[in-house]
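Throughout, read-outs are computed from the coordinates displayed, never taken from laboratory work. This structure is a prediction, so every number in the text was calculated from the model and none was measured. Here the Cβ positions follow ideal geometry from the backbone for every residue, glycine too, while neighbour counts run over all protein chains shown.
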Amino acid sequence: MLGVLIDRYGDPVKVLVLRNLAEPTLPGPGEVLVGVEYAPVDMSDLYVIHSIFAVRPDLPGVVGNKGVGHVMRGGKVLLEINRAR
């Protein structure tokens with residue numbers, strides 16, 4: 001799985017890196033596993049990358065907090081709700 005992340009703050013051209021990341025574990029009860037197809041780096045991400053945003057996440061961190069994808073798997077509770085329909 002590929003992800004765009006930063007391990008320091010600064011100029012996006014210098015600090016954004018594309019890395020292979022570990023595959024997520026199976027979803028737990030009440031969770032879903034989403035296969036993200038597209039996740040843009042937008043203005044709110046640029047504020048974080050430049051360290052302008054009030055909240056600074058732990059580094060290294062994946063950037064891009066919006067996305068488009070599909071549900072790949074659902075946790076136990078979600079499967080039971082779906083079967084009850």
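Couple of notes before you dig in:
- Of Y9, Y47, V32, farthest towards positive along the dipole that unit charges on Lys, Arg, Asp, Glu beta carbons give the chain: V32
- Sparse-neighbourhood loop sites, chymotrypsin sites (Phe, Trp or Tyr not before Pro) in region 38-68 - DSSP loop, at most 16 other Cβ within 10 angstrom: F53
- Value of D in µm² per second that Stokes-Einstein yields for the chain, Kirkwood Rh from Cα pairs, at 4 °C (1.567 mPa s): 88 µm²/s
- Neighbour net charge for L59 - beta-carbon separation under 12 angstrom, K R +1, D E -1: 0
- Put simply, the amide H of H50, placed in the peptide plane, has neighbours under 5 Å in G10, leaving out anything fewer than 5 places away on its chain.
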